[in-house]
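In what follows, a structure is listed as structure tokens, so that the remarks can point back to it.
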Amino acid sequence: MRDGLDRLAAAGLIFRRGIPPVAEYQFKHALVQDTAYGTLLRRARQRLHQRIATVLRDQSPETSERVPEVLAHHFAAAGQPESASGYWLEAGRRAAARSANVEAVAHLTRGIEALGGVADTTERARQELALQLALGPALMTTRGFSAPEPERAYQTARLLSERLGDDRARFASVWGLWLASGSSGTPAFRRELADELFRVAERLDDRELLLEAHHAGWATDLSAAHLIRARKHVLEALALYDRKEHRLHALVYGGHDPAVCGKGHGAVMLWLLGYPDQAAREARDVVFFAESIGHVPSVGHALWWAAMVHQVRRDAPPVLDHSRRLLALGAEHALKQYQMIGSITHGWALAHLSDVEEGLSELRHADISYAGTQKTYFHAILAETELRAGHFDRAEAALNDAAAIANRLDETWWRAGMLCIEGDILRTRSADQWHEAEERYRAAITIAQEQQAKSLELRAATRLARLWQGQGRGAEARDLLAPVYGWFSEGFETPDLKEAKALLDAV
């Protein structure tokens, strides 16, 4: 063999690097390689690929562990798709574990394609089920939670798991469908999926599955503004969570760590419930925690929710910092979901810190393109920023879009915030519309009280009190705002509480 390689090198068809027997050889050009490969008969090629794959598998186990895609390639070319798909599955899992999700999608897709011509047996179904369940989180990370591709993967996995009677795989597929339905499914459908997760987890008496049922539970309840119940899901899930035991959950459920998600959602809940300083501390901690795990998409998830916490606190500098990190992370690792959220939060921060029109341009483009969860909220902050720039028609249009999405998805957690923005548009556009603005602020207060969302109640009460102050109704303004402000025990340096205090001092 060495003599033959020397002749090829002397002829200039291949290059040699290093000294034999420790040397590497490369074709001079891909066309030379393709021509040489094409001269082999199909059966001879298959035999050679089979021999290579067998030697690598049996005599070089470190190769199959380190680069299983090499064995997958040779087994596929040898006409052994079942063996090839198994190695593509391993290659996809390894790529996802090191956050190389674009590679993971490519490997897992090849594994599914390799099974295309294989007879429909139980073993084939099990192999495709494993591939589809590994593909779902990688697709969510690269395409977005609500993209059609991950939903198709989970739909297929659900059918296969039901056919095989595999409850654990069924749980994972239903969980994926639950997440994928975040911006497209009906509220009843999402609730039905979340309830099914609890039924399966409780029937199997499985702590790991119960952890992920709570994962779905807190997001479902936050969306519907059941804040106390959502917070309970977070606390119960974090009590079940074990970092070593559950470190691989990110590769199965949504592409992110459950504790990172719980802490991030929990921080927003803390702000809504009236604890802005605790929310900021939790936002800081969730980023540190995600970084300590070392899972890139989970870091993106933490930055997303930390940015949202500071956004609702109206604290723009940390939002700018988190958004820049999100944009860099998304670009480096091809994480479309987090890159888009980074654009939304970055545009908002720019509009509030420096150039409102530049920030709005970025925010508009990102908001229109974004197809993931929290779309109601993102449309609402676009409306608020349009109003800040004096674009009344654009603000009204964005708010109407937010309301339409909220009604379709029954996403009500930011409903009081939207009513505040609507009241601001009415009051700012025309002094004659103060009656309509007052109605919106009153409705916002009522909804916030029903939801126990003290921070939104304060925001709405401050707006209504300011309206009344301008009409010479200072005593009414004080009587409305003082008890709400007096409830708070922290957050006195945030804009909302500082504005409320200044208004109370004025009246």
Would you confirm whether or not segment 204-218 contains a residue that is surrounded by 18 or more Cβ atoms within 10 Å (Cβ to Cβ), farther than 16 Å from residue 259 by Cβ and free of Cβ contacts under 8 Å to residues at least 60 places away in the same chain?
no
Within segment 309-348, how many residues are outside any helix (DSSP H, G or I) and β-branched (Val, Ile, Thr)?
0
Restricting the search to segment 25-46, which residues are among the β-branched types (Val, Ile, Thr) and either touching a residue at least 60 places away in the same chain (Cβ under 8 Å) or surrounded by 14 or more Cβ atoms within 10 Å (Cβ to Cβ) (or both)?
32
Just a yes or no: is a residue in segment 314-321 within 22 Å of residue 215 (Cβ to Cβ) and among the hydrophobic types (A, V, I, L, M, F, W, C)?
no
For the structure I just gave you, tell me whether residue 397 is of a type in the set (A, V, I, L, M), surrounded by fewer than 20 Cβ atoms within 10 Å (Cβ to Cβ) and at negative phi.
yes
Can you find even one residue in segment 196-208 that is among the β-branched types (Val, Ile, Thr) and more than 24 Å from residue 488 (Cα to Cα)?
yes
I want to confirm something. Restricting to segment 240-279 and keeping residues that are aliphatic (A, V, I, L, M) and under 14 Å from the mean Cα position of the chain (by Cα), which single residue is surrounded by the fewest Cβ atoms within 10 Å (Cβ to Cβ)?
252
Selection count where residues are small (Gly, Ala, Ser), out of contact with any helix residue (DSSP H, G or I) (no Cβ under 8 Å at 6 or more places or on another chain) and part of a helix (DSSP H, G or I), scope segment 412-433:
1
Checking 141, 156, 109 in turn, the sole residue that is of a type in the set (S, T, N, Q), modelled with pLDDT under 90, under 27 Å from residue 94 (Cα atoms) and in a helix (DSSP H, G or I) turns out to be 141
Segment 159-174, residues that are under 19 Å from residue 208 (Cβ atoms) and assigned to a loop (DSSP other than H, G, I, E, B)
166
Members of segment 2-24 that are surrounded by fewer than 10 Cβ atoms within 10 Å (Cβ to Cβ) and in contact with a helix residue (DSSP H, G or I) (Cβ under 9 Å, 6 or more places away or on another chain)
21
Here is a list: 372, 390. Which entry is more than 18 Å from residue 327 (Cα to Cα) and not in a helix (DSSP H, G or I)?
390
All but one of (1) crowded, with 21+ Cβ neighbours inside 10 Å; (2) closer than 23 Å to residue 464 by Cβ; (3) at pLDDT below 95 hold for residue 337, so report the exception by its number.
(2)
Quick one: count up the residues across segment 395-411 that are more than 15 Å from residue 384 (Cα to Cα) and out of contact with any helix residue (DSSP H, G or I) (no Cβ under 8 Å at 6 or more places or on another chain).
3
Identify all residues within segment 384-406 that are of a type outside the set (Asp, Glu), free of Cβ contacts under 8 Å to residues at least 40 places away in the same chain and over 22 Å from residue 144 (Cβ atoms); write none if there are none.
385, 388, 389, 390, 391, 392, 394, 395, 397, 399, 400, 403
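The values are calculated or read from the model by the stated rules, or taken from the named source; none is laboratory data. It should be emphasised that the depicted structure is a prediction, and the values quoted were computed from it without experimental measurement. Cβ atoms come from the backbone with ideal geometry, glycine included; neighbour counts cover every protein chain shown.
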